[in-house]
Amino acid sequence: MTKYIFVTGGVTSSLGKGIIAASLAKLLQARGYSTTIQKFDPYINIDPGTLNPYEHGECYVTEDGAETDLDLGHYERFLNTFTSQANNVTTGRIYQHVINQERAGAYLGKTVQVIPHITDEIKRRMLLLGNEKKYDVVITELGGTVGDIESLPYVEAVRQLKWEMGSENCIVVHLTLIPYLNAAKELKTKPTQHSVKLMSENGLNPDILVCRTEHPLNDDIKRKVALFCNVTKDAVIEALDADTIYGVPLEMMREKLDKICLTKLQLPISKEPELLKWKEFLNKLRYPKSKITVGLIGKYVELQDAYKSILEALIHAGAVNECKVVIKNIHSEFLTPENAVEKLQDVDAILVAPGFGSRGIEGKIHAIHYARTKKIPFFGICLGMQMACVEFARNVLNMGDAHSTEMNAQTSHPVIAMMEEQKNISQMGGTMRLGAFDCVLQEASKTAAIYGSTTISERHRHRYEFNNAYLEAFEKNGLIPVGKNPATGLVEIMEAQDHPFYIATQFHPEYKSTVENPHPLFVAFVQAAKQYSHQ
Ligand code: GLN
């Protein structure tokens, strides 16, 4: 029978529930338990696809084309397994289903209410992955903070499930904060007490408390928290600030979070976690032998979470190369031909990020021009690839006003244009070209050598594409479409000749990079940057 662990958050947001959930899952997986993680988000959007990155950071895309919360990226990077649409549910999706059912007459004249109809639908979805019989443990992260009005139905659903399944099959791990008051030189437990009290007012008591703290928790503090919060002392777990998120699983192992969960769920603790590869990775990450600087050109660079998967993929690739990757964030809006040298002269590689809309677009084009002409390793992703084509068209093919029709519908050279199947779409949510598609690579290309294969599959999220009317002109002049979708002929990868590393992809390779499987393109990009820095 599948066992369930719910991870809730208290006191404040941004405590790293996603990382704690992913770390616990990693430990259980390393002990031989097949584990998956899902996230329930209390907002009313159907999915985060329509959200501005400033709201919730990056939108993560799964194999099956679901636009999901960025925590799913952590789950995949930690567990090295795929997630899917079923792993991310929002209040919007729950209500949409219930309302559709109501319109179909499924409630037989009953009044449709939050309890039981909304909570029943939440419970049904919470158990969906477990019903597949593939998993020993399903971990469910509840977005938001206990006490939020919109979190209430979720807390109620967990309360009911715990009651129905019994505490040996369903436990709650509550992540909380023990702040340190500098003036008093003291750790304070009151916010944690209050947040647990708030939960218990709703009939739910946590089984384990994971306490984020800047200072170690001594025995007295642990005893006090245990006493006031109705948990055993060994279930008060210290979670000190970590130097890297990838160190958290080992920290949690040291604190026995996995063992306590297994004991409470009455699951055997037979073998020690198998974390050899993980530790090797951590070692390389912590003790690099060299250093490079990557210029990240984007319009959301001030927000760490907006390019989460790209930053993590660079960390994975850095570790493989035993090289520290320093990110220099460069705001595309403020990059001009005049200041390009000043802003870019100290970088060893340039990555132009994905994006939407015209803000900062010319800055991206200048950065690409600089990388191409100065022969600096260049990696363009999605919009980055599209702008690489625009730059090439303008400056090599002499098509002065070349552009993507996303930015200039009137351009006389629409080298990037809307895909045919997109033209009649009026709904914005979930209608882009989304998810995994096959791509066939030219055998003689650098990209094929990097992948070690000529057929690959990568994830997409875009509406515009390379306009194949310009294929010949590009190819003749040295920007080669080395990867195409075999079914549709859509260009997926551009590679420049006569350049040490110039690869641009219409897909998002960053979504598939994990600790155990760093993405080959990122690994090769960091390697090229290393070579460049030694010149
Ligand atoms: N705005 C571009 C498109 O929709 C690129 C999207 C992206 O970078 N993810 O095609």
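The values are calculated or read from the model by the stated rules, or taken from the named source; none is laboratory data. This is a predicted model, so every value here is computed, not measured. With ideal geometry, Cβ positions are generated from the backbone for all residues, glycine too; neighbour counts draw on all protein chains shown.
Structural remarks
- Check on residue 417, within 16 Å of the ligand (Cβ to nearest atom), in contact with a strand residue (DSSP E or B) (Cβ under 7 Å, 6 or more places away or on another chain), under 22 Å from residue 511 (Cβ atoms) and small (Gly, Ala, Ser): no
- Matching helices (runs of 4 or more DSSP H) fully within the range 116-203 where at least 3 residues are basic (Lys, Arg): 119-131
- Looking at 327, 350, 376, 368, just one residue is assigned to a helix (DSSP H, G or I), aliphatic (A, V, I, L, M) and closer than 29 Å to residue 451 by Cα, and that residue is 368.
- Boolean, residue 389 is at positive phi, modelled with pLDDT of 95 or more and within 14 Å of the ligand (Cβ to nearest atom): no
- Condition check for residue 341: more than 16 Å from the ligand (Cβ to nearest atom) and not in a loop (DSSP other than H, G, I, E, B): yes
- Here is the figure for the range 50-98: residues that are among the hydrophobic types (A, V, I, L, M, F, W, C) and under 15 Å from the mean Cα position of the chain (by Cα) total 9.
- Some residue of the range 279-286 being modelled with pLDDT of 95 or more and in a loop (DSSP other than H, G, I, E, B): no
- Unmet requirement for residue 81, which otherwise passes all of (1) of a type in the set (Ser, Thr, Tyr); (2) within 22 Å of residue 517 (Cβ to Cβ); (3) touching an Asp or Glu at 6+ places or on another chain (Cβ under 8 Å): (3)
- Complete set of residues in the range 201-225 that are more than 15 Å from residue 179 (Cβ to Cβ) and surrounded by fewer than 14 Cβ atoms within 10 Å (Cβ to Cβ): 201, 203, 218, 219, 220, 223
- The sole residue among 238, 274 that is touching a residue at least 24 places away in the same chain (Cβ under 8 Å), under 20 Å from residue 138 (Cα atoms), charged (D, E, K, R) and not in a helix (DSSP H, G or I) is 274.
- So residue 297, is it touching a helix residue (DSSP H, G or I) at 6+ places or on another chain (Cβ under 9 Å) and either part of a helix (DSSP H, G or I) or at pLDDT below 95 (or both): no
- Residues of the range 225-254 satisfying the condition of being among the charged types (D, E, K, R) and farther than 19 Å from residue 192 by Cα: 243, 251, 254
- Residue, farthest from the chain's Cα centre (by Cα), within the range 256-289, restricted to residues that are farther than 23 Å from residue 172 by Cα and surrounded by 14 or more Cβ atoms within 10 Å (Cβ to Cβ): 288
- The helices (runs of 4 or more DSSP H) found wholly in the range 1-108 and carrying at least 1 residues that are aromatic (Phe, Trp, Tyr) occupy 53-56, 71-79, 91-103.
- Within the range 31-52, the set of residues being buried (at least 21 other Cβ atoms within 10 Å of the Cβ) and in contact with an Asp or Glu (Cβ under 8 Å, 6 or more places away or on another chain) comprises 31, 35, 37, 38, 39, 40, 41, 47, 48.
- Some residue of the range 318-330 being of a type in the set (D, E, K, R) and within 16 Å of the ligand (Cβ to nearest atom): no
- Residue count, the range 394-414 (criterion: among the small types (Gly, Ala, Ser), within 21 Å of residue 480 (Cα to Cα) and more than 16 Å from the ligand (Cβ to nearest atom)): 1
- Residue among 469, 496, 473, 504 that is more than 16 Å from the ligand (Cβ to nearest atom), at pLDDT 95 or above, under 13 Å from residue 378 (Cα atoms) and among the small types (Gly, Ala, Ser): 496
- In the range 418-430, the residues that are assigned to a strand (DSSP E or B) and over 15 Å from residue 382 (Cβ atoms): none
- Within the range 1-29, considering residues that are hydroxyl-bearing (Ser, Thr, Tyr) and surrounded by 24 or more Cβ atoms within 10 Å (Cβ to Cβ), the one nearest to residue 42 (Cα to Cα): 8
- The set of residues from the range 349-374 being away from the ligand (no atom under 12 Å from the Cβ), over 21 Å from residue 326 (Cβ atoms) and of a type in the set (D, E, K, R) comprises 362, 372.
- Checklist (1) closer than 30 Å to residue 135 by Cβ; (2) free of Cβ contacts under 8 Å to residues at least 60 places away in the same chain; (3) within 31 Å of the chain's Cα centre (by Cα) applied to residue 210, failing item: (2)
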